[in-house]
Amino acid sequence: MHYYSLSNPNETTSFSKAVVNGIAPDRGLYFPSEIPKLPASFFETIEQMDVHEMALTAIEAFVGDEIPRTELKRIVKTTLDFEFPVVPVDDQIGSLELFHGPTLAFKDVGARFMAQCLGYFNQQNSDQKVTVLVATSGDTGGAVANGFLGVEGIEVVILYPKGKVSEVQEQQLTTLGQNITALEVDGVFDDCQDMVKTAFLDTEITNQRKLTSANSINVARWLPQMLYYFLAYRQLKKKKQPLVVAVPSGNFGNICAGMIAQQMGLPIDHFIAATNVNDAVPSYLESGNYQAVKTTPTISNAMDVGDPSNFVRIQKIYGNDYKNLCQHLSGYRFTDDETRVAMKEIYTQSGYIADPHGAVGYLGLKEYLKNHPEKYGVFLETAHPVKFLDTVESTLQTKVELPQRIKALLKKEKQSTPISSYADLKAYLLA
Ligand SMILES: *Cc1c(COP(=O)(O)O)cnc(C)c1O
């Protein structure tokens, strides 16, 4: 298996190089040269298979022999060491809970898998330390920091906007120590993002340090998300109804990984992309014209993305054919008011507490199922409700109990370095 740049099919590389570099030299996103098909026997016995064996079978074709099977098995086991239950919300809808990992967000799986792969490649080639440089608006930073904590040969530098992340998120970024450094930027998320982009192009820095990114552009963060869909299917197979999956989407990495699973043969009948008012993709599905939107802040802020990077991968999967795409994907957008109404509806009807992102997924699913009553739907619950505590408590008029590990986290001592300009970042990286 090799990977090529979506900007130029002749620009090819190995899995390890794609992971270490993150993005192709021509700035294109890497895409696998082929999507392997799994045999029918795999799906016939999937519910009896050991979870880690199933995951290993699904992911190993994308890694090839660049990581030995025993090592890859260890990586899969440490990545997937928590539960992914489908919790029934009503008789036609289930919530696939992806938030039982260490930072309570679904990004834990991709971040851990990428960290372990990079750690392995580094052992093989230990002459140069790698610096993972990330800007975060909240969730990504915590998952990345946690995934990379203690990984040999890797230093992680996280930039976050001062006063613009929640208390839980800030504690997750700033209390780990070891190989993790948090830089508290006097500015907004876009300032953090701009500084990171500038650093990647700054040869004074790149001559001295090997920099890589850890967002869903990286194939090692993007591809393992396909496993969620296998995990959902194996729990729901006995229902024998066509399975549709609604994904609350921002950068569209998660849903795109699900589409890869479907191409491998996983019986998913249809995908539903649910967004907040940052609706470039639902608008494209209506009109056939793609236009980035200016980002609007919402209560489901991990999805405040105006120009989703992974959309080019989705188009590639469906042969850049608009009609073909529309047969596999529906898209809906929802306002914050609609999202709050949905959170209340889910809570009063079933006692289930959804976070604002999951609630957007639920709304998309409901909309689609109106015309497809014979199907069964799952929405992905991408974050634990306590990560968005203020919104959840004020919307539902109820107190949400903090998990024990969050209580412990809030007591830890914060360590961060304040910076206010690119010059500060550069000085830090060159020191
Ligand atoms: C990142 C994130 C999303 C969006 O996922 P994409 O892969 O970027 O579409 C949705 N919900 C939560 C809670 C997230 O952290």
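Listed values, structure above:
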quantity	calculated
Residue in region 264-280 that is within 11 Å of the ligand (Cβ to nearest atom) and either assigned to a helix (DSSP H, G or I) or open to solvent by 30 Å² or more (accessible area, probe 1.4 Å) (or both) present	no
Qualifying positions in region 168-194 - of a type in the set (Gly, Ala, Ser) and in a loop (DSSP other than H, G, I, E, B)	177, 187
Members of region 319-332 found to be without any contact (Cβ under 8 Å) to a residue 12 or more places away in the chain and either open to solvent by less than 60 Å² (accessible area, probe 1.4 Å) or aliphatic (A, V, I, L, M) (or both), listed by number	319, 324
For residue 230: the one exception among (1) in a helix (DSSP H, G or I); (2) within 18 Å of the chain's Cα centre (by Cα); (3) within 16 Å of the ligand (Cβ to nearest atom); (4) of a type in the set (Phe, Trp, Tyr)	(3)
Qualifying positions in region 399-417 - surrounded by 11 or more Cβ atoms within 10 Å (Cβ to Cβ) and over 24 Å from the mean Cα position of the chain (by Cα)	400, 408, 410, 412, 414, 415, 416, 417
Residues that are open to solvent by 10 Å² or more (accessible area, probe 1.4 Å), over 11 Å from residue 213 (Cα atoms) and either within 16 Å of the ligand (Cβ to nearest atom) or within 22 Å of the chain's Cα centre (by Cα) (or both), drawn from region 122-146	137, 139, 140, 146
Residue, least open to solvent (accessible area, probe 1.4 Å), within region 347-370, restricted to residues that are among the β-branched types (Val, Ile, Thr) and within 16 Å of the ligand (Cβ to nearest atom)	360
Residues of region 233-261 that turn out to be within 16 Å of the ligand (Cβ to nearest atom) and either among the hydrophobic types (A, V, I, L, M, F, W, C) or outside any loop (DSSP other than H, G, I, E, B) (or both), as a count	14
Residue, nearest to residue 272 (Cα to Cα), within region 304-318, restricted to residues that are within 16 Å of the ligand (Cβ to nearest atom) and in contact (Cβ under 8 Å) with a residue 60 or more places away in the chain	314
Test: residue 218 is touching a Gly at 6+ places or on another chain (Cβ under 9 Å) and closer than 24 Å to residue 402 by Cβ	no
Residue that is nearest to the ligand (Cβ to nearest atom), among those in region 190-214 that are open to solvent by 60 Å² or more (accessible area, probe 1.4 Å) and closer than 25 Å to residue 307 by Cβ	193
Pick from region 333-354, criterion in contact (Cβ under 8 Å) with a residue 60 or more places away in the chain, of a type outside the set (Phe, Trp, Tyr) and in contact with a helix residue (DSSP H, G or I) (Cβ under 7 Å, 6 or more places away or on another chain), ranking: nearest to residue 379 (Cα to Cα)	354
Flag if residue 392 is within 16 Å of the ligand (Cβ to nearest atom), touching a residue at least 40 places away in the same chain (Cβ under 8 Å), among the β-branched types (Val, Ile, Thr) and closer than 30 Å to residue 22 by Cα	no
Residue that is nearest to residue 416 (Cα to Cα) [pool: residues in region 184-194 that are of a type outside the set (D, E, K, R) and within 22 Å of the chain's Cα centre (by Cα)]	192
Residue among 106, 43, 84 that alone is aromatic (Phe, Trp, Tyr) and either farther than 19 Å from residue 257 by Cα or away from the ligand (no atom under 16 Å from the Cβ) (or both)	43
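The values are calculated or read from the model by the stated rules, or taken from the named source; none is laboratory data. The model shown is predicted, which means the values in this text are computed figures rather than measured ones. Neighbour counts are summed over all protein chains in view; Cβ atoms, including those assigned to glycine, are modelled from backbone coordinates with ideal geometry. Quick note on the areas: whole protein, heavy atoms, side chains included, nothing else; ligands and nucleic acids left out. Shrake-Rupley method; radii C 1.70, N 1.55, O 1.52, S 1.80 Å.
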